[in-house]
Amino acid sequence: MATLHTKAAARAMMSPAVILLLIWMAVPLAMTLYFSFLRYNLLMPGMEEYTGFLNYEFFLTDPAFPIALANTLMLVGGVLLITVVGGVFLAILLDQPFWGQGIVRLLAIAPFFVMPTVSALVWKNMLMHPVNGLFAWIARSFGAEPVDWLSSMPLFSIIIIVAWAWLPFATLIILTALQSLDSDQKEAAEMDGAGPVSIFLHITLPHLARALTVVILIETIFLLSVFAEILVTTSGGPGNASTNIAYLIYTQALLQFDVGTASAGGVVAVILANIVAIFLIRMIGKNLET
Amino acid sequence: MGAITLENVVKRFGEAQVIHGVDLEIKDGEFVVFVGPSGCGKSTLLRLIAGLEDVSDGRIVIDGQDATDLPPARRRLAMVFQSYALYPHMSVARNIGFPLKMAGMDKAAIEAKVQGAAKILNLTDYLDRKPGQLSGGQRQRVAIGRAIVREPSAFLFDEPLSNLDAALRVNMRLEISELHQSLATTMIYVTHDQVEAMTMADKIVVLQGGKIEQVGSPLELYRNPRNKFVAGFIGSPAMNMVEGAEAAKAGATTIGVRPEHFVMSHESGQWRGKVGVAEHLGSDTFLHVEVEGVGPVTARATGEFEARHGDTVFLTPEEGRVYRFGPDGLAL
Amino acid sequence: MSRTATPQRKALFTLIGWTIGLVLFFPILWTILTSFKTEVEAVTTPPTFFFFDWTFENYLAVQERSNYFLHAMNSVIISVGSTALGLLIAVPAAWAMAFSPTKRTKDILMWMLSTKMLPPVGVLVPIYLIARDWGVLDTRIALVVVLMMINLPIIVWMLYTYFKEIPGDILEAARMDGASLRQEIVSVLAPMAVPGIASTLLLNIILAWNEAFWTLNLTAAKAAPLTAFIASYSSPEGLFWAKLSAASTMAIAPILVMGWFSQKQLVRGLTFGAVK
């Protein structure tokens, strides 16, 4: 399948996609890098000058930075924990035969298709609202004091909202992997005298390893950049209690118009993402082969 | 017309060289079979002729015209793939007519040609079906139909029967042979099955490691194998190869005796051995014998020959049917 | 598992399954229900579930007050436009990678995947400034291009995994049969890849429809799609829950239906073909 003619055609047909992506990646990234060494505020145009690492110093020594970093990690870790554990549980449940399985499956995956701004607002207002929210009503009907979710535990509330949206994703992928498990293998194990628990530990779980690593990888990519949910629920507050790196940079750039510091933050975010990516790719390297 | 000449054809994939300077002359109307173990380069050679791969060095001449750099479509060759490579979204009729449509032929002419091909191949009742609704043998015929409507100067077959079950394979083998008789067009046929090679070929090309080991008619190869490899590859069950003292007696490094070239006896003979497994096929009996001082030997006896595990039998290689090979593996 | 479950077991799992399914779906169900309530009823305590005066007034009000259809149109144009443009660029690329692979093909694919790992905030400032300087801030075209670029790796990957499943033999047969490269792609590859192309299209419309970083940061009013439009309800003044619910229901309903239809293919697309 490879003659000079087809090879030349292949190169020509691949180049638009490759060149566009290269530009898309390289140009803005180079600009971010360049801005990060400038004193550059949109409110003071024409005042740009080289400042060395001052922007990085500002960004990294900003008391908000360690909080945002911790929040980012908590957000990613918390959502991963809920979705992976819950996803395995739900997938196994949905894999059992029961009446209305197809409908339940549709119900369970639905949250993934809800746009982030909608899910954030629905949870914020109609469920978590301290006065009129459904949770408040439930708490009151049990005689308990309603919780003001988004002010008293903002990060946890956001984790719940995001996890709700991503749980179906994990479930769907794990379920697909589960259904591709050859039933011969399970039957062979049963013949060999394995009980349901050992079958799960020694057959099912290893079979799911690939799917689980994929879930972790992809969720991590998206969760590092959670933005809309924070914007419409807490705006990062109270204080910086629910600000993550992405939101912090957004406030620097588009609320304070400090292009220099925001760019330095962008570079930091890219470096962080790369560290996570390298770590993840190494972890799942052998799993993604073939 | 379908004379094809390969001149010092070389193919490299990056560093790896898979075809090492092949020279071959194929005459118009010949049925040529490329045979060899998997990885010997036989399919690559076919794809080079088809133009699906570039030749790294050397020339391919088709009907006197240098075709080395021609794209596949302009070589006037038709190919039947191992997987049949039918277009799954097109009906049988459209599959067969596709090359004619590509050639810009008008609808009525295509229709007539497709009908003609379908008649030859017993596909008339299936023309409206999709390939997915056909059996393996029917799909095979559609693939052949798609090849014959083009009236190519040569047909290329890449292991066309390997996806069929045993009984069907024998049938299709016959059908392809008959097709060759009636069309009298050059056919190049790749297979790893020496039975297909022996039964169908005018000329067999035995390949190994990207080199031609021997070219000749089936019986030439059977009678006069040039080396140990060809001797072992042609003939079924394979020739027994014996080294050591018995070979030295014949003045060779290795001697070869085909299973069918033993005189079998319960009483006396040159070699004495114990039967390991006896396979009674009715027409023949194949004995796997552990011969003293020689080693394991496969021998064919008549169908009626009585032998069971543990029996002692005597084997005598037929006079003049013992092949002698030197230290380099070449026949002496 | 050829053995059939006992009825008791099945009943138990039916109960658990439906409970969990309904709990997960509840926020959506609640939104849909609330969209049919009056604003007063929407905030009453105790909340009413099914027995209230059903009304369509919110749906009408949303359109009257906020020009809902403009934003819905923006969503449609941005998601469909970016996906169509992406397919146009990705189909040839995926063809090349699947059927004429070189030693670098795997690397290019991995590199494309890695561009997805680039956090959008890393390039927010320059993209924003470029959009501002070129005067395309708050325009549909800017979002079509940006969303096309962020989804291009997924489109290429999905198509690649679908194309890989088409035997190369068939394309070679077409080549032997005299098809030109264009004919090979148009009359052989494309018809065979229709299911794959369709699910790629569907998934990417969903992803673009729900994208909420660039749509929030690059639009203001004119080009704002539904993601940004809904976000405007987060302002604290007044509680318009019923109207918010009506707007939300309309914003998620079409995508929910599309998602349900494409759930099987979704997995492959979202996992870059790693899980099928």
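Just check the range B:99-186 against the gyration tensor rule for me: Cα atoms, a ≥ b ≥ c as the square roots of the eigenvalues, rounded for a/c under 1.5, and otherwise prolate or oblate depending on whether a/b exceeds b/c. Note, shape of the range B:99-186 comes out oblate.
Of all DSSP beta bridges located in the range B:152-232, what percent are antiparallel, nearest 5?
Working: 5 of 10 bridges.
Once the DSSP bridges in the range B:152-232 are tallied, antiparallel ones form about 50 percent.
For chain B, the longest principal axis of the alpha carbon atoms and the long axis of helix B:166-183 meet at an angle near 60°. If you take the Cα centroid of the range C:1-58 and the Cα centroid of the range A:158-186, the two points sit 22 Å apart. Averaged over peptide C:9-22, the number of partner chain Cβ atoms lying within 10 Å of each residue's Cβ comes to 6.
Mean residue ellipticity at 222 nm from the helices of the protein assembly as shown, using -39,500 (n - 2.57) per DSSP H segment of n ≥ 4 over the full residue count, to the nearest 500 deg cm²/dmol? Show your work: numbers first, answer last.
Values: 36 runs with 482 residues, N = 898.
Computed ellipticity for the protein assembly as shown at 222 nm equals -17000 deg cm²/dmol.
Rounded to the nearest 10 degrees, the inclination of helix C:241-261 to the longest alpha-carbon principal axis of chain C is 30 degrees. Cα centroid separation, the range B:260-289 to the range A:117-156: 90 Å.
Of A:LYS124/C:LYS37; B:LYS42/C:LYS164; B:LYS42/B:LYS130; B:LYS42/C:LYS106; A:LYS7/B:LYS11, which pairs sit farther than 20 Å apart, going by alpha carbon to alpha carbon? Checking Cα-Cα distances, B:LYS42/C:LYS164; B:LYS42/B:LYS130; B:LYS42/C:LYS106 exceed 20 Å.
When DSSP beta bridges are restricted to pairs lying wholly in the protein assembly as shown, around 75% turn out antiparallel. Its relative contact order, with pairs defined as Cα atoms under 8 Å and 6+ residues apart, puts chain A at 29 percent.
What whole-number distance in Å separates the alpha-carbon centres of the range B:36-87 and the range C:111-144? Here the answer is 48 Å between Cα centres.
Place the peptides B:49-59, B:131-141 in order of packing, highest mean first, counting for every residue the other Cβ atoms within 10 Å and averaging per peptide.
On the way: B:49-59: 19.7, B:131-141: 17.4.
In descending order of packing, they fall as B:49-59, B:131-141.
Determine the shielding of peptide C:86-93 by partner chains: average, over its residues, the number of Cβ atoms on other chains within 10 angstrom of each Cβ.
Values: counts 2, 0, 1, 7, 2, 2, 8, 9.
Per residue, the number of nearby Cβ atoms from other chains is 4 on average.
For Cα pairs less than 8 Å apart in space and 6+ apart in sequence, what is the mean separation divided by the residue count of chain B, i.e. the relative contact order in percent? Relative contact order here is 17 percent.
Each Cα pair under 8 Å and six or more residues apart adds its sequence gap; the mean of these over the residue count of chain C is a relative contact order of 31 percent. Distant-in-sequence amide contacts of A:TRP99, defined by a placed amide H-H separation under 5 Å and a gap of 5 or more residues or a different chain, comprise C:THR14. Each peptide in C:95-102, A:120-127, C:255-262 gets a packing score, the mean of other Cβ atoms within 10 Å over its residues, and the list from highest to lowest is A:120-127, C:95-102, C:255-262. In order along the range C:224-231, the Karplus-derived 3J(HN,Hα) couplings, from 6.51 cos²θ - 1.76 cosθ + 1.60 at θ = phi - 60°, round to 4, x, 4, 4, 6, 4, 4, 4 Hz, and Gly and Pro are given as x. In this rough spin-label picture, where each label sits 7 Å from Cα along the Cβ direction, the C:THR6-A:GLN96 distance is 1.3 nm.
What is the average number of partner chain Cβ atoms found within 10 Å of a Cβ in A:269-280?
Details: counts 7, 6, 2, 2, 6, 5, 0, 2, 5, 1, 0, 1.
That works out to 3 on average.
Per-residue counts of other Cβ atoms within 10 Å, averaged by peptide: what ranking do you get for C:145-157, A:95-107, B:251-263, B:271-283, highest first?
Top to bottom by mean Cβ count within 10 Å: C:145-157, B:251-263, A:95-107, B:271-283.
In chain B, what percentage of the DSSP-assigned beta bridges are antiparallel, given to the nearest 5? Don't skip to the end; give the middle numbers.
Details: 51 of 69 bridges.
Looking only at bridges with both residues in chain B, the antiparallel portion is about 75 percent.
None of the figures in this text is laboratory data; all of them are computed from the coordinates on show. If you're wondering where the values come from, they're calculated on a predicted model, not measured in any experiment. Methodologically, a virtual Cβ is constructed for each residue, glycine included, from the backbone with ideal geometry; neighbour enumeration extends over all protein chains shown.
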